1. Inside segment 99-125, can you point out the residues that are among the aromatic types (F, W, Y) and surrounded by fewer than 19 Cβ atoms within 10 Å (Cβ to Cβ)?
2. Going through L88, L36, L28 one at a time, which residue ends up being hydrophobic (A, V, I, L, M, F, W, C), surrounded by 14 or more Cβ atoms within 10 Å (Cβ to Cβ) and modelled with pLDDT under 95?
3. Only one of (1) surrounded by fewer than 16 Cβ atoms within 10 Å (Cβ to Cβ); (2) at pLDDT below 95 is not met by E139, so which one is it?
4. A52: in contact with a helix residue (DSSP H, G or I) (Cβ under 7 Å, 6 or more places away or on another chain), of a type outside the set (K, R) and in the same structural domain as L88 (by TED's automatic domain parsing), yes or no?
5. Return a yes/no flag: does segment 133-145 have any residue that is closer than 30 Å to D89 by Cβ and in contact with a Ser or Thr (Cβ under 8 Å, 6 or more places away or on another chain).
6. Determine, yes or no, whether A53 is under 23 Å from H179 (Cα atoms) and among the aliphatic types (A, V, I, L, M).
7. Count, please, the residues in segment 154-175 that happen to be touching a residue at least 12 places away in the same chain (Cβ under 8 Å) and over 22 Å from F191 (Cβ atoms).
8. For the condition surrounded by 17 or more Cβ atoms within 10 Å (Cβ to Cβ) and on the phi < 0 side of the Ramachandran plot, what is the one hit in A148, A172?
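The values are calculated or read from the model by the stated rules, or taken from the named source; none is laboratory data. Computed from a predicted model, the values in this text were never measured in an experiment. Because the Cβ atoms are built from the backbone with ideal geometry, glycine has one as well, and the counts that use them run over all protein chains shown.
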Amino acid sequence: MNEHHQPAQHNEREQQPRLRPRIWVGSLAGYNAGHLHGDWIDAAVTDEELRAAVERTLASSHEPDVEEYGIFDYDEFGAFQVGEHEQLDIVGRVARGIAEYGPAFAAYAQLHDADPGMLDAFTDSYSGDYDSPEDWAREVLHDGLETAIDAAVPDALRGYVSIDYAGFARDAELSGDVHFEPSSDARVHVFTIP
């Protein structure tokens with residue numbers, strides 16, 4: 001009980017390299033005909049800029065009357081999986097969120113299937129990155145609770161009284177109040193459920 005754990009810094013956006021999500025877009029007709037023609041496009045732009053870049057790529061295709069695109073590859077989208085026929089407004093929205101907020105936004109977007117209403121709730125839902133769910137629980141319950149327990153419990157019993165941080169975190173997730181999503185750096189993104 002008397003050990004005081006200091007959780008790691010939770011908001012590391014300033015320290016992480018900025019992600020630049022991009023997609024490789026090609027002509028679906030060309031792909032189906034066995035001709036792979038396309039280009040890498042920066043996806044973290046406005047919807048209009050993304051659409052225009054896709055149209056330029058399609059216009060440069062060797063296939064006649066190309067109208068449909070396919071997203072055949074993607075890069076720096078973190079945990080978010082871009083579908084081959086993903087709508088460009090969704091791709092752009094997720095890419096802009098990743099560029100602004102980093103890998104946590106990618107995990108959140110994947111968790112909620114890029115639902116626009118849920119994407120709007122990201123800043124309210126994201127609680128930070130922690131080394132473990134237990135570290136999140138320590139911060140939520142604050143060191144003040146340990147101090148209060150130390151003051152209330154006689155010296156002879158202090159060694160027997162402790163807070164089950166892992167149990168608290170597990171129960172919070174099971175109750176639906178919080179979600180812990182593993183991150184690529186062996187930590188966890190923590191989201192409260194709006």
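1. Y101, F122
2. Among L88, L36, L28, only L28 is hydrophobic (A, V, I, L, M, F, W, C), surrounded by 14 or more Cβ atoms within 10 Å (Cβ to Cβ) and modelled with pLDDT under 95.
3. Tallying (1) surrounded by fewer than 16 Cβ atoms within 10 Å (Cβ to Cβ); (2) at pLDDT below 95, E139 fails exactly one: (1).
4. no
5. The answer is no; no qualifying residue exists.
6. no
7. The number of residues fulfilling the criteria is 5.
8. Checking each option against the conditions leaves just A172.
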